[in-house]
Amino acid sequence: MQPQRLPTGGRIDRSKPLSFRFDGRKLEGYAGDTLASALLANGVSIVGRSFKLRRPRGIVGSGAEEPNAIMQIGKGAHAQPNLRATQVELYEGLVARTTKGWPGARFDLGAINDIFGKVFSAGFYYKTFMRPKSWWHLYERFIRASAGFGRAPTETDPDHYEHRNAHCDVLIAGGGPAGLSAALAAGRAGARVILADEQDEFGGSLAGAKRNIGDAPADEWLRRTVESLAALDNVTLLPRSTVFGYYDHNFLAIAERCTDHLPEADRAGVRQRLWRVRAKQVVLAQGAFERPLAFCNNDRPGVMLASAVSQYIRRYAVRPGRRAVVFTNNDSAYETAIDLAEAGSSVVIVDSRADGAGSLGERAAKAGISVIAGHIVTDVVGRRRVRGVRVAGWSGNPSYLVESSIHIDCDLVAVSGGWSPAVHLHSHAGGRNAWDTERHCFVPGEAAQANVSAGACNGKWSLRECLREGIESGRAAASRCGFEAPEIDTPSTSEGHYNPLQPLWRVPADAEPERCPKQFLDFQNDTSVADIRLAVREGYRNVEHVKRYTALGFGTDQGKLGNIIGMAVLAECLGKSIPEVGTTTFRPAYTPVAFAVGAGESVGDLYDPVRKTAVHEWHVAAGAPMENVGQWHRPWYFPRDGEDLHAAVARECVAARQSLGIMDASTLGKIDARGRDVVEFLERIYTHNVGKMKIGRCAYGIMLGEDGMVMDDGVMARLGEQRFYLTTTTGGAANVLAWLEAWLQTEWPELEVFLTSLTDHFSTIAMVGPNSRRVLERIGCTIDLDKDSFPFMAVRDAELGGYPVQLFRVSFSGELAFEINIDSGSALEMWKTVMAAGEEFGVTPYGTETMHVLRAEKGFVIVGQDTDGSVTPVDLGMNWLLSKDKDFLGKRSLARPDCLRSDRKQLVGLLSSDNTVLPEGTQLVEAPGAPVPVPMCGHVTSSYMSACLGHPIALALVAGGRARKGETIYAALPGREPLPVTIAAPVFYDPKGERQHV
Amino acid sequence: MLLIECPWCGERAETEFSYGGEAGIARPPDPDVLSDAEWADYLFNRSNPRGAHRELWNHAQGCRRWFGVERDTVTYRIAGSFRLSDGSDNREG
Ligand SMILES: [Zn+2]
């Protein structure tokens, strides 16, 4: 039973009834309905409660402008919040809930706010919730709960979304008469065209229009045009696709809703798709929005835009009311009156203009519609539904107070305050807008990019102008892309003559706006005429400030209905013209876009690439938990028999120091640097004397930024006269390569140096501990490994167990150690070979945690952990690495006054007075009892329990710390007394460094 | 999203590139002779113009070459790209 459904007509399919649920009620509609048209057909008049005042609200519009009918659609993980019912296609089993008001739109506890409406005036939130600031988290919870916006599902979204890149000659936004004509003109010229329209079918205002185009009804022209476009291979038609953003260099984003219109069980494949389009030319043809008028109680359910009333009658065969008052200041609403009359409703037109309409006035008269010219609707009677209106005579003076008014019974008020072109995309692209003093609307000014506006979004209201501008803009766009565009005749349409619109925004009432019922401008945010006037009285002048103070245009509809009349009211208050007041900024997205379509495929495993070493599967099989280091997955520790992290790390550390540990160090960045000028180049990059390095020797090197701060570090080796092998930190590999390339290409192009990343090609196995040499010998190595033939910091090519390797005698632990560099394809075999050969020495694999403990025991820093971009090599005590004989990047900065301060934070060791392992990041203070705020003198950068030493160790940066060895400072620990700690040298284990030289 | 012309690869989307700041900031040949103020000027100060700006870009996800672009900081319009190594400049006009 659909009481408001007309017996015939519309573009719905009456053979396909669909059932759906609205706030738990089971209702029926037809295929071809939107949720909004189906609700209206069922006589549902209240679809939500307003944001602040909790007033009952009904459907106002029929498209993207709808401020009130904001719904939660679908169930569970598939649910989508905050959709406009006017743009939701009905499907079998659709579940819709109102998102404002609880427990439902028809009954609302918060409606009491309306009675205290005066309290909730402009700036209410600012004034009430400003102080005390510390209470803001409470206020916010209150506001959020009262606002009752939709809820995002808490489950993981099971649907699939994708991104697609596309290029085209001409992108056309909007598939009404102008957009379709443009597509046909550009498409026939041979241009690659994308035509996107947000609705399920093309046609825009033409759908169901009782007009002729050429010698055929508009519907017929529409069908033929869409068929012709579909037949062109160079034209891509995208229905259900909203062009929501226009970005730099003609880059546009389109959200295509692929399966949202289907019952959930029938959905397959991509749910929504983000098109990222680079277009040579853009034709904007998104039409125009009808404006409401601000009269008292103009938000009552049953007050609708006139154009929306026509849409519901023509397209959906729904009659929104039986006794209608059409209130207008222009001719277009007369068509709505005629539609209503033909649908069997009684109609009265209240026209603010003394002389009424042009040709449409004659047609209305013929249809027996009475017109009350020179009158205005001042107030609406009825609370949960329109029951009538107050109508008064008006001379055109905006400040005039109405003295007497008459009552007219009605259940529908169709309002038209004129039209505003949809200049959103034109504005996103950087174009300004100009106030048209004849048509009383903002029209697109000069385009900032390669785009042109056509039809109603260019302020052209007549069908003939829309068709003509569409054809012209399509041809012009194609020819600018180099296509020869054939002439196309504009089809003939019968156009009558129109009387001009009368500027009217705020409708006079029998009292000033502050003393009469509210005249709403922005329905979603409950902003009224009185609120704007209050903002001006309180000193706000700039439109952007007034917008923020009154929340005008801040809703999910971005003020598509209310912004222009709001600005007009502001202009009136300020005694300025509308163009002097100006518009607020239009920003993407044009309509709300789901987060999921923004994420596309970049979720879950595809969110970020994962890098695994060649030995990864062995680590996994050994039960090692992984630590993510950038994109790398590295083994963290190798637990045995239910060990926890601490037990495993203690065992691993002792094994490495007493016998043999093995670690996968493959994630180190590796760069091959060679060429005629490689020595000169590396001299400028590294701080030490690169030229003095002998072939076959390694050096520890650091590189600085030009600001003198440590940027990266690693071992580098000289492999030949003009050939070096550089290693970087795991996280710094890509940055260092880019940094080196930048200097070579931009500053020193005269240097001939070739850089090649080897990070993935070679794997690195570190063998650490006093038995490492013995095991290498057991595997079978082609070079002598004794300490004189192969000393500390040497590098040799060798064969190890039959595999060609590069063998480094370097140590990041302070022990006798070797690093085996081997082709990644053979790395797993080599790892297994070492494990087998080392078995009798208890070879112990260890992960990143033990590596950290071993290096911290030796005071070796990790760039990015013990440094933070504000630490110089001098701060780290690395003066010995700074060559005095040459310039290098960052050297001059080390002599800047700030770098010479004696109270800079310097790297030191810390020993706690009890067995506490200080949390990394712990702040250090001089005295425990200092008044708040306590001055801080440093912080802990690395901290571990050292099993080999039997006590905790920490590295820290402490102001002037190097000169303070033995002094006591205090660690500020949450929830306990400050803990005394002693400053020590940063090397805790084997301070003379003898073990690595054996 | 900007459309940037790499002098070697042609027009590509901004996501393929990384930004390198103002072009033409030459490293002083002998930093030691500079006063602290002069060194700080090289290190920290940039012209930050409103309008035409010559800047460095790297085709990081492509040929990895550095090159120059003249871009308007207000309109984001790009007048053209130029190579650094040979000084050739393929700006339009
Ligand atoms: Zn390139």
Report task. Working only within segment A:8-30, note down all residues that are buried (at least 16 other Cβ atoms within 10 Å of the Cβ) and part of a strand (DSSP E or B). Result -> A:Leu18, A:Phe20, A:Phe22, A:Leu27, A:Glu28, A:Gly29, A:Tyr30
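Quick one: would you say A:Leu854 is in a helix (DSSP H, G or I), touching a residue at least 12 places away in the same chain (Cβ under 8 Å) and open to solvent by less than 40 Å² (accessible area, probe 1.4 Å)? First the steps, then the outcome.
Values: in a helix (DSSP H, G or I): yes; touching a residue at least 12 places away in the same chain (Cβ under 8 Å): yes; open to solvent by less than 40 Å² (accessible area, probe 1.4 Å): yes.
Yes; evaluated as a whole, the condition is true for this residue.
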Query - Criterion: under 20 Å from A:His249 (Cβ atoms), within 16 Å of the ligand (Cβ to nearest atom), without any contact (Cβ under 8 Å) to a residue 12 or more places away in the chain and open to solvent by less than 80 Å² (accessible area, probe 1.4 Å) - qualifying residue of B:Gly10, B:Gly68 - result: B:Gly10
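For segment B:45-59: of the residues being among the small types (Gly, Ala, Ser) and open to solvent by 40 Å² or more (accessible area, probe 1.4 Å), which is farthest from the ligand (Cβ to nearest atom)?
From segment B:45-59, those among the small types (Gly, Ala, Ser) are B:47, B:51-52; that's our starting set.
Still in the running and open to solvent by 40 Å² or more (accessible area, probe 1.4 Å): B:47, B:52.
Values: B:Ser47: 26, B:Ala52: 23 Å.
Per the stated criteria, the residue is B:Ser47.
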Requested in this report: Considering only segment A:565-577, state which residues are in a helix (DSSP H, G or I) and within 15 Å of A:Arg541 (Cβ to Cβ).
Outcome: A:Gly566, A:Met567, A:Val569, A:Leu570, A:Ala571, A:Glu572, A:Cys573, A:Leu574
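Do we have A:Glu290 as open to solvent by less than 50 Å² (accessible area, probe 1.4 Å) and within 26 Å of the chain's Cα centre (by Cα) here? Give the steps one after another, and end with the answer.
Details: open to solvent by less than 50 Å² (accessible area, probe 1.4 Å): yes; within 26 Å of the chain's Cα centre (by Cα): no.
Taking the combined requirement at face value, the residue does not satisfy it.
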**Report entry** Among residues of segment A:714-745, those that are among the aliphatic types (A, V, I, L, M), assigned to a helix (DSSP H, G or I) and touching a helix residue (DSSP H, G or I) at 6+ places or on another chain (Cβ under 8 Å), counted
**Finding:** 2
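So if I check each of A:Leu737, A:Leu726, which one is modelled with pLDDT of 95 or more, closer than 26 Å to A:Asn628 by Cα and either within 14 Å of chain B (Cβ to nearest Cβ) or surrounded by fewer than 16 Cβ atoms within 10 Å (Cβ to Cβ) (or both)?
Values: A:Leu726 fails: either within 14 Å of chain B (Cβ to nearest Cβ) or surrounded by fewer than 16 Cβ atoms within 10 Å (Cβ to Cβ) (or both).
Exactly one of A:Leu737, A:Leu726 is modelled with pLDDT of 95 or more, closer than 26 Å to A:Asn628 by Cα and either within 14 Å of chain B (Cβ to nearest Cβ) or surrounded by fewer than 16 Cβ atoms within 10 Å (Cβ to Cβ) (or both), namely A:Leu737.
Residue by residue through segment A:227-263, note down the ones that are outside any strand (DSSP E or B), touching a Leu at 6+ places or on another chain (Cβ under 7 Å) and within 14 Å of chain B (Cβ to nearest Cβ). Outline the logic, then answer.
Step one: filter segment A:227-263 for residues outside any strand (DSSP E or B), giving A:227-234, A:239-240, A:248-250, A:258-263.
Still in the list and also touching a Leu at 6+ places or on another chain (Cβ under 7 Å): A:228-230, A:248-249.
Hits for segment A:227-263 are A:Asp248, A:His249.
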Requested in this report: Please specify each residue of segment A:190-226 satisfying the condition of being in a strand (DSSP E or B) and aliphatic (A, V, I, L, M).
Outcome: A:Val193, A:Ile194, A:Leu195, A:Ala196, A:Ile213, A:Ala216
Query - Selection count, segment A:433-452, where residues are over 26 Å from A:Leu252 (Cα atoms) and surrounded by fewer than 17 Cβ atoms within 10 Å (Cβ to Cβ) - result: 3
Report task. For segment A:912-924, indicate whether the set of residues that are in contact (Cβ under 8 Å) with a residue 60 or more places away in the chain and assigned to a strand (DSSP E or B) is non-empty. Result -> yes
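Using the structure shown, decide if B:Leu2 is of a type in the set (A, V, I, L, M), farther than 24 Å from A:Val736 by Cα and either near the ligand (Cβ under 10 Å from one of its atoms) or out of contact with any strand residue (DSSP E or B) (no Cβ under 6 Å at 6 or more places or on another chain) (or both). Even if it seems obvious, please write down each step before you answer.
Details: of a type in the set (A, V, I, L, M): yes; farther than 24 Å from A:Val736 by Cα: yes; either near the ligand (Cβ under 10 Å from one of its atoms) or out of contact with any strand residue (DSSP E or B) (no Cβ under 6 Å at 6 or more places or on another chain) (or both): yes.
The answer is yes for B:Leu2.
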Query raised in the report: Among the residues of segment B:51-74, is any over 26 Å from A:Glu750 (Cβ atoms) and either in a helix (DSSP H, G or I) or facing chain A (nearest Cβ under 9 Å) (or both)?
Result: no
Query raised in the report: For segment A:397-421, what are the residues that are farther than 30 Å from A:Val47 by Cα and open to solvent by less than 30 Å² (accessible area, probe 1.4 Å)?
Result: A:Val402
Query raised in the report: For segment A:548-559, which residues satisfy the criterion of being within 14 Å of A:Cys573 (Cβ to Cβ) and not polar (S, T, N, Q)?
Result: A:Tyr549, A:Leu552
Requested in this report: Could you please let me know if B:Gly80 is touching an Asp or Glu at 6+ places or on another chain (Cβ under 6 Å), away from chain A (no Cβ under 12 Å) and assigned to a loop (DSSP other than H, G, I, E, B)?
Outcome: no
Report task. Could you name every one of the helices (runs of 4 or more DSSP H) located completely within segment A:600-700 that has at least 2 residues being open to solvent by 60 Å² or more (accessible area, probe 1.4 Å)? Result -> A:616-621, A:645-658
Query raised in the report: Hey, any hits in segment A:300-317 for a residue that's open to solvent by 10 Å² or more (accessible area, probe 1.4 Å) and touching a Cys at 6+ places or on another chain (Cβ under 7 Å)?
Result: no
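For segment B:84-93: of the residues being within 16 Å of the ligand (Cβ to nearest atom) and more than 10 Å from chain A (Cβ to nearest Cβ), which is modelled with the highest pLDDT?
B:Ser88
So for segment A:878-898 (the condition being away from chain B (no Cβ under 14 Å) and free of Cβ contacts under 8 Å to residues at least 60 places away in the same chain), does at least one residue qualify? Break it down into steps so the answer makes sense when it comes.
Narrowing segment A:878-898 to residues away from chain B (no Cβ under 14 Å): A:878-881.
From what is left, the residues that are free of Cβ contacts under 8 Å to residues at least 60 places away in the same chain are A:879-880.
Yes - at least one qualifying residue is present in segment A:878-898.
Kindly provide the set of residues from segment B:13-44 that are outside any helix (DSSP H, G or I) and away from the ligand (no atom under 16 Å from the Cβ), ordered by number.
Step one: list which residues in segment B:13-44 are outside any helix (DSSP H, G or I), which gives B:13, B:17-30, B:34-35.
Hits for segment B:13-44 are B:Gly21, B:Glu22, B:Ala23, B:Gly24, B:Ile25, B:Ala26, B:Arg27, B:Pro28, B:Pro29, B:Asp30, B:Leu34, B:Ser35.
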Requested in this report: Tell me which residues, restricted to segment B:13-34, are touching a Lys or Arg at 6+ places or on another chain (Cβ under 9 Å) and surrounded by 12 or more Cβ atoms within 10 Å (Cβ to Cβ).
Outcome: B:Ala13, B:Glu22, B:Ala23, B:Ile25, B:Pro28, B:Pro31, B:Leu34
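Each row is one residue, and each column tells you yes or no for (1) more than 30 Å from A:Thr583 (Cβ to Cβ); (2) away from chain B (no Cβ under 14 Å); (3) β-branched (Val, Ile, Thr); (4) within 37 Å of the chain's Cα centre (by Cα).
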site	(1), (2), (3), (4)
A:Ile376	no, yes, yes, no
A:Asp379	no, yes, no, no
A:Gly396	no, yes, no, no
A:Gly418	no, yes, no, yes
A:His440	no, yes, no, yes
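Here's the yes/no breakdown for (1) in contact (Cβ under 8 Å) with a residue 24 or more places away in the chain; (2) within 18 Å of A:Asn915 (Cα to Cα):
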position	(1), (2)
A:Pro933	no, no
A:Leu949	yes, yes
A:Leu957	yes, no
A:Leu973	yes, yes
A:Pro980	yes, yes
A:Phe988	yes, yes
A:Glu994	no, no
A:His997	yes, no
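The values are calculated or read from the model by the stated rules, or taken from the named source; none is laboratory data. These figures come from a predicted structure and were not determined experimentally. As a convention, Cβ positions derive from the backbone with ideal geometry for all residues, glycine included, and neighbour counts pool all protein chains shown. The area values use the complete protein model at the heavy-atom level, side chains included, leaving out ligands, DNA and RNA. Shrake-Rupley method; radii C 1.70, N 1.55, O 1.52, S 1.80 Å.
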